[in-house]
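The values are calculated or read from the model by the stated rules, or taken from the named source; none is laboratory data. Nothing here was measured: the structure is a model prediction, and the numbers come from that model. With ideal geometry, Cβ positions are generated from the backbone for all residues, glycine too; neighbour counts draw on all protein chains shown.
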Amino acid sequence: MKRIEAVIRPNKLDEVKDALAALGVTGLTAVEARGFGRQKGHTEVYRGAEYHVEFVPKMLVIAVVADNLVEAAVDAVLEAARTGVIGDGKIFVTALQDVIRIRTGEHQAV
Amino acid sequence: MSYGFTRSRRQALKAGTIGLATLCLCMLTTRVSAQQPQPDPAGIATGDRTTAMDAAGNPFVPPEPTDMADPDYAAKKKAFNDYQAQAVKEPLAVKLADSVGHVRVATNVGWTLNTGYLVLFMQAGFALLTCGLIRKKNAAHLMMLNFAAYVFAFLAYYAVGYAFQFGAIAINAAPMNLGGTPTLNKFLIGGGQWGWLGGKGFFMTGPAYDAGSNTLALFEVVFMETAGYIIVGAICERITFWSFILCELFIGAFLYPIFGCWVWGGGWMSQLGSSLHLGHGYVDFAGSTVVHAVGGFTAMALAVILGPRLGKYGADGTPRAFPAHNLTFVVVGTFILLFGWMGFNPGSTLGATDLRISVIAVNTNLAAIAGSATAMILWYLKFGKPDITMACNGMLAGLVAITAPCAFVGPTAALVIGVLAGVLVCAGVLFNERVIKVDDPCGAISVHGYCGWLGGVSLGIFADGTYGAGWNGVGATTYLGKAGLGVTGLLHGDASQFLIQLGGATLCAVYAFGATYVVFKFVNGIIPMRVSKETELEGLDIPEFGMEAYPEGDVSAA
């Protein structure tokens with residue numbers, strides 16, 4: 001089992017969700033986040049004072065998938081979330097020790 | 001070359017020409033100013049014994065008859081002479097009459113101004129309502145649209161709009177409750193019973209620098225503002241600020257005042273009762289069509305030009321929901337609008353001396369609650385749960401629809417009109433969203449456009465004749481054979497009123513949509529009025545104004 005975390009543009013959430021659902025990945029967690037990588041922030045003026053906004057609104061999407069689905073899932077997210085403009089985000093794939101379903105207590109419950 | 005004239009003769013000729021020209025000019029200006037009524041900026045000449053009257057409007061002082069051809073001339077002249085003789089004997093009574101007349105006008109000026117302030121407060125209500133209905137990322141932008149709407153539409157109306165709309169009001173529609181505004185007495189285009197555009201009071205100065213005129217101006221400018229901000233509800237989340245300002249200038253300077261002149265400024269639509277014997281002419285008490293339908297159909301034209309929001313319609317045309325980001329704002333905004341409507345409708349009598357204001361106030365509320373209840377019930381029946389935003393829109397629909405007929409109907413009719421509006425607004429929202437696919441984020445087209453039209457037509461159906469005798473100069477003493485009968489609709493025996501209402505309300509819709517579409521399709525062709533795709537996806541707050549409505553920390557000083 002792998003944990004796939006994708007930092008994406010907020011307006012891409014529906015597309016990514018639909019793309020993963022098409023693969024059979026039905027569970028998702030979405031977290032509102034702010035972040036930056038190479039996407040520069042911008043400088044604004046507020047009532048005479050300059051300020052710099054570095055953090056840009058993003059969406060953090062977390063899905064746990066079986067090993068055999070990881071590659072397909074990553075490709076699906078890439079295609080759904082990409083615009084080609086700086087600020088598209090990143091995908092992190094990490095190995096998971098265990099996944100337990102609270103309702104039933106089953107382990108390895110991907 | 002002297003052409004045979006000696007130098008002294010040339011000098012004499014020059015002096016003579018200048019002298020003659022000056023004389024002519026003096027005569028001309030003297031004639032003009034002697035003929036024209038004088039404005040009263042200090043308010044001390046407005047309201048005197050001539051404005052003292054009983055509750056039915058019969059004046060204390062008989063007016064001096066001027067029309068010698070009048071068959072009643074002799075009787076009127078005698079009445080006037082008798083009054084003059086009596087007045088000489090009772091100087092204190094005359095002074096009291098002056099005071100009573102002034103206090104009567106003062107009461108009405110106070111009333112009109114205060115109800116105008118209530119309508120001004122509706123600006124805040126609409127800002128809250130629409131802000132709550134859209135997405136968080138565009139909240140600051142929308143608030144600024146509402147704010148700037150007040151500023152720029154006011155500028156346009158101050159400059160030319162007020163003069164266009166009311167520059168000729170004294171001719172056919174003098175506001176007697178406010179002392180008559182006699183200085184606003186010229187049509188720029190048209191005249192008599194076929195006036196098209198007023199022509200006095202530009203920049204609210206000169207003949208408009210007058211107590212009565214300013215009272216009217218304050219009241220009418222906030223009505224114009226209402227039409228101005230209605231469009232925000234349909235064009236938000238994708239319009240650029242600069243093009244929005246253009247829209248507001250257009251509405252304040254031309255679109256609103258022109259139709260407003262036709263109906264309220266003594267223009268041709270109000271005079272169709274006298275000129276073509278169509279009921280009492282086109283009647284709209286507080287503006288279902290003049291204000292709301294104009295705003296709603298202008299909004300529709302702009303929404304069509306701009307197109308739907310990105311992502312609103314899927315590839316197969318299914319509409320996507322963009323839920324309201326703050327329902328608290330929506331409900332509070334609606335209540336503020338309801339409160340402001342207590343100024344909008346009753347205030348349109350322009351006088352507290354007209355006790356019909358009580359009936360108007362109750363009718364307004366009845367339609368409001370009926371509209372809301374209907375929307376809640378209908379939505380529950382169709383979708384299983386009452387929709388909070390539709391409950392609010394239903395109340396507003398009822399309010400919009402009763403705005404034209406509120407003074408002319410009774411409570412049962414008011415309730416029915418509210419129910420009809422509740423049905424129409426629900427049908428309208430679904431129609432716009434699913435059938436014609438015009439994206440209207442706040443329902444402005446349905447609430448104000450469709451239900452505004454309904455209000456104009458409802459007057460022609462439900463008016464019961466208990467109020468409005470002599471409206472637009474028709475039937476001052478008898479109408480349809482009955483003494484004192486007022487504005488009457490189809491159900492009470494006046495089919496011609498229904499016809500004129502149907503025609504006038506429809507003309508309003510066509511006019512507002514058509515004029516806006518033509519002008520702004522042209523503007524859009526030169527520079528697109530819609531923001532770029534990136535801006536729209538990111539949210540308009542930062543790209544257009546550099547500020548967010550809800551900044552979430554993470555702000556570091558440069």
Next on the checklist: Please go through (1) within 12 Å of another protein chain (Cβ to nearest Cβ); (2) surrounded by fewer than 12 Cβ atoms within 10 Å (Cβ to Cβ); (3) of a type in the set (D, E) for A:E44 and return the number of the only condition it doesn't satisfy.
Outcome noted: (2)
Checklist outcome for this item: Going through region B:486-508 in order, the residues found to be part of a loop (DSSP other than H, G, I, E, B) and touching a helix residue (DSSP H, G or I) at 6+ places or on another chain (Cβ under 9 Å) are B:G486, B:V487, B:G489, B:D494
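Here is a yes/no grid of residues against (1) of a type in the set (K, R); (2) touching a Pro at 6+ places or on another chain (Cβ under 9 Å); (3) at pLDDT 95 or above; (4) not in a strand (DSSP E or B):
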{"site": "B:F126", "(1), (2), (3), (4)": "no, no, yes, yes"}
{"site": "B:A140", "(1), (2), (3), (4)": "no, no, yes, yes"}
{"site": "B:M143", "(1), (2), (3), (4)": "no, no, yes, yes"}
{"site": "B:N146", "(1), (2), (3), (4)": "no, no, yes, yes"}
{"site": "B:A153", "(1), (2), (3), (4)": "no, no, yes, yes"}
{"site": "B:Y157", "(1), (2), (3), (4)": "no, yes, yes, yes"}
{"site": "B:Y162", "(1), (2), (3), (4)": "no, yes, yes, yes"}
{"site": "B:L184", "(1), (2), (3), (4)": "no, yes, yes, yes"}
{"site": "B:L188", "(1), (2), (3), (4)": "no, no, yes, no"}
Next on the checklist: If the requirement is being among the β-branched types (V, I, T) and buried (at least 21 other Cβ atoms within 10 Å of the Cβ), which of these qualifies: B:T403, B:T412, B:T353?
Outcome noted: B:T403
Item to check | Residue satisfying all of: in region A:47-61; under 14 Å from the mean Cα position of the chain (by Cα) and over 17 Å from B:L537 (Cα atoms); nearest to the other protein chains (Cβ to nearest Cβ) among these | outcome: A:L60
Checklist entry - farther than 25 Å from B:G428 by Cα, more than 14 Å from every other protein chain (Cβ to nearest Cβ) and part of a helix (DSSP H, G or I) - does that describe any residue in region B:457-464? => result no
Checklist entry - Consider B:H492 against the criteria (1) more than 28 Å from B:Y256 (Cα to Cα); (2) within 14 Å of chain A (Cβ to nearest Cβ); (3) surrounded by 15 or more Cβ atoms within 10 Å (Cβ to Cβ): it satisfies all of them except one. Which criterion is unmet? => result (2)
Item to check | Spans of strands (runs of 3 or more DSSP E) in region A:6-96 with at least 2 residues among the β-branched types (V, I, T) and in contact with a helix residue (DSSP H, G or I) (Cβ under 8 Å, 6 or more places away or on another chain) | outcome: A:56-65, A:90-95
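Just checking, does region B:102-124 include any residue being touching a strand residue (DSSP E or B) at 6+ places or on another chain (Cβ under 8 Å) and either buried (at least 17 other Cβ atoms within 10 Å of the Cβ) or not in a helix (DSSP H, G or I) (or both)? Write out each step before concluding.
Taking region B:102-124 and keeping what is touching a strand residue (DSSP E or B) at 6+ places or on another chain (Cβ under 8 Å), we get B:104.
Next, only the ones that are either buried (at least 17 other Cβ atoms within 10 Å of the Cβ) or not in a helix (DSSP H, G or I) (or both) stay: B:104.
Yes.
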Checklist entry - Given (1) under 18 Å from A:F92 (Cβ atoms); (2) among the small types (G, A, S); (3) more than 14 Å from chain B (Cβ to nearest Cβ), where does A:A21 come up short, assuming only one miss? => result (1)
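Checking the conditions here, which among B:L188, B:L155, B:L184, B:L96 is without any contact (Cβ under 8 Å) to a residue 24 or more places away in the chain, more than 30 Å from B:G394 (Cα to Cα) and not basic (K, R)? Talk me through it step by step, then tell me what you get.
Working: B:L188 fails: without any contact (Cβ under 8 Å) to a residue 24 or more places away in the chain; B:L155 fails: without any contact (Cβ under 8 Å) to a residue 24 or more places away in the chain; B:L184 fails: without any contact (Cβ under 8 Å) to a residue 24 or more places away in the chain.
Criteria check complete, one pass: B:L96.
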Next on the checklist: Here is a check on your reading of the model: is B:P543 surrounded by fewer than 23 Cβ atoms within 10 Å (Cβ to Cβ), within 30 Å of B:E248 (Cβ to Cβ) and within 14 Å of chain A (Cβ to nearest Cβ)?
Outcome noted: yes
Next on the checklist: I'd like the full set of residues that are without any contact (Cβ under 8 Å) to a residue 60 or more places away in the chain and either within 24 Å of B:M176 (Cβ to Cβ) or outside the structural domain of B:A404 (by TED's automatic domain parsing) (or both), limited to region B:481-507.
Outcome noted: B:K482, B:A483, B:G484, B:L485
Checklist outcome for this item: Exception for B:C426 within (1) hydrophobic (A, V, I, L, M, F, W, C); (2) under 17 Å from B:T289 (Cβ atoms); (3) out of contact with any Gly (no Cβ under 6 Å at 6 or more places or on another chain) falls at (2)
Next on the checklist: Condition first: among the aromatic types (F, W, Y) and either surrounded by fewer than 23 Cβ atoms within 10 Å (Cβ to Cβ) or within 14 Å of chain A (Cβ to nearest Cβ) (or both). Can you find one or more residues in region B:266-283 that meet it?
Outcome noted: yes
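Among the candidates B:F285, B:F335, B:F329, B:F322, single out the residue that is closer than 30 Å to B:F202 by Cβ and in the same structural domain as B:M176 (by TED's automatic domain parsing). Steps first, please.
Numbers: B:F335 fails: closer than 30 Å to B:F202 by Cβ; B:F329 fails: closer than 30 Å to B:F202 by Cβ; B:F322 fails: closer than 30 Å to B:F202 by Cβ.
Answer to the selection: B:F285.
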Checklist entry - If we scan region B:438-459, do we find a residue that is touching a strand residue (DSSP E or B) at 6+ places or on another chain (Cβ under 7 Å) and in the same structural domain as B:L366 (by TED's automatic domain parsing)? => result no
Next on the checklist: One residue is enough: does region B:401-410 have a residue meeting the conditions in the same structural domain as B:I231 (by TED's automatic domain parsing), in a helix (DSSP H, G or I), in contact with a helix residue (DSSP H, G or I) (Cβ under 6 Å, 6 or more places away or on another chain) and in contact (Cβ under 8 Å) with a residue 24 or more places away in the chain?
Outcome noted: yes
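Scan region B:82-90 and tell me whether some residue there is modelled with pLDDT of 90 or more, assigned to a loop (DSSP other than H, G, I, E, B) and not assigned by TED's automatic domain parsing to the domain that holds B:L184.
yes
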Next on the checklist: Condition first: farther than 23 Å from B:F545 by Cβ and loosely packed, with under 14 Cβ neighbours inside 10 Å. Can you find one or more residues in region A:10-18 that meet it?
Outcome noted: yes
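Checking the conditions here, which among A:G27, A:G87 is more than 12 Å from the chain's Cα centre (by Cα) and within 14 Å of chain B (Cβ to nearest Cβ)? Reasoning before the result, please.
Values: A:G27 fails: within 14 Å of chain B (Cβ to nearest Cβ).
On inspection, the qualifying residue turns out to be A:G87.
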Checklist entry - Any idea which residue in region A:62-110 is farthest from B:E538 (Cα to Cα), counting only those that are surrounded by fewer than 12 Cβ atoms within 10 Å (Cβ to Cβ) and of a type in the set (V, I, T)? => result A:T104
Checklist entry - In the set B:Y511, B:Y517, B:Y550, which member is more than 10 Å from chain A (Cβ to nearest Cβ), touching a residue at least 40 places away in the same chain (Cβ under 8 Å), aromatic (F, W, Y) and in a loop (DSSP other than H, G, I, E, B)? => result B:Y550
